[in-house]
Amino acid sequence: MDYMMSIVLFAISASVTPGPNNIMVMTSGLNFGVRKSIPLLTGICVGFTIMLLLVGLGFGHLFNLFPHLSLLIKITGITYLLYLAWLIAKSSSVDSGNQQTKPLGFLKGALFQWVNAKAWVVAIGAISAFTTTGEQHTIQNLTIATTFFLVSFPCVGVWLMFGSLLRQKLDNETYLRWFNRSMSFLLLLSVFPVIGDVWHQLIGR
């Protein structure tokens, strides 16, 4: 019971705290509503669960074998996050007919986990902390992945609902524009630690 409780508490704290996933979901909820944002939410939860399973199966050890892989993923993640921040910043109307912005779908939400620095840290941390070598490793890995899958929906969903509630309040285009710019800035802030890490890796060579 203590083991399961520890996993659940870790999953809740990792899923509900601010990060790129939650910022994206909240912004999508405000701009497009809950229904149109469900595919993004589902993609994030399913994508991270798959990442956990693969890391548990040994995918994370590839970083030890190929150090450049970590740097490549970080650079790709930074580039994609900057692109998302730009898309969010230029959004200015709630669910308008403007074709320049569309809600991210299931596939983009799932694939985003592979370039999300926070997702990598949580996945590797969870597998390292809650699994042991031996016969129990596979069962433990499945337990962790299942727990995160069940916990992440309501935890990330809270951010979606919050964005949807704000949608009812920020019907003024000026307010919405400033909200989107604020979310874009927060997304940029989440990138800075990764940029610093990449910089140290590059100059340390």
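Can residue 17 be described as among the β-branched types (Val, Ile, Thr) and modelled with pLDDT of 90 or more?
no
Which of the residues belonging to the stretch 176-199 are loosely packed, with under 14 Cβ neighbours inside 10 Å and under 27 Å from residue 69 (Cα atoms)?
189, 192, 193, 196, 199
Would you check if residue 23 is under 11 Å from the mean Cα position of the chain (by Cα) and assigned to a helix (DSSP H, G or I)?
yes
Just to be sure I understand the filter: pairs with C-beta atoms under 8 Å, separated by 6 or more residues or on different chains, first member in the stretch 35-46 and in a helix (DSSP H, G or I) and surrounded by 17 or more Cβ atoms within 10 Å (Cβ to Cβ), second member among the basic types (Lys, Arg) and at pLDDT below 95. Which pairs pass?
40/108; 43/108
What number goes with the only condition from (1) at pLDDT 90 or above; (2) over 18 Å from residue 121 (Cβ atoms) that residue 1 does not pass?
(1)
Of these, 126, 145, which one is more than 26 Å from residue 75 (Cα to Cα), modelled with pLDDT of 80 or more, small (Gly, Ala, Ser) and out of contact with any Cys (no Cβ under 7 Å at 6 or more places or on another chain)?
Among 126, 145, only 145 is more than 26 Å from residue 75 (Cα to Cα), modelled with pLDDT of 80 or more, small (Gly, Ala, Ser) and out of contact with any Cys (no Cβ under 7 Å at 6 or more places or on another chain).
For residue 142, work out the one condition from (1) part of a loop (DSSP other than H, G, I, E, B); (2) over 18 Å from the mean Cα position of the chain (by Cα) it doesn't fulfil.
Failing condition for residue 142: (1).
What residue, among those in the stretch 162-205 that are at pLDDT below 75 and in contact with a Gly (Cβ under 7 Å, 6 or more places away or on another chain), is farthest from residue 74 (Cα to Cα)?
Here the residue is 190.
Condition check: within 20 Å of the chain's Cα centre (by Cα), closer than 16 Å to residue 51 by Cα and buried (at least 17 other Cβ atoms within 10 Å of the Cβ). Does residue 120 satisfy that?
yes
The values are calculated or read from the model by the stated rules, or taken from the named source; none is laboratory data. Everything numeric in this text was worked out from a predicted model, so none of it was measured. For neighbour counting, all protein chains shown are included, and Cβ atoms are generated from backbone atoms with ideal geometry for every residue, glycine included.
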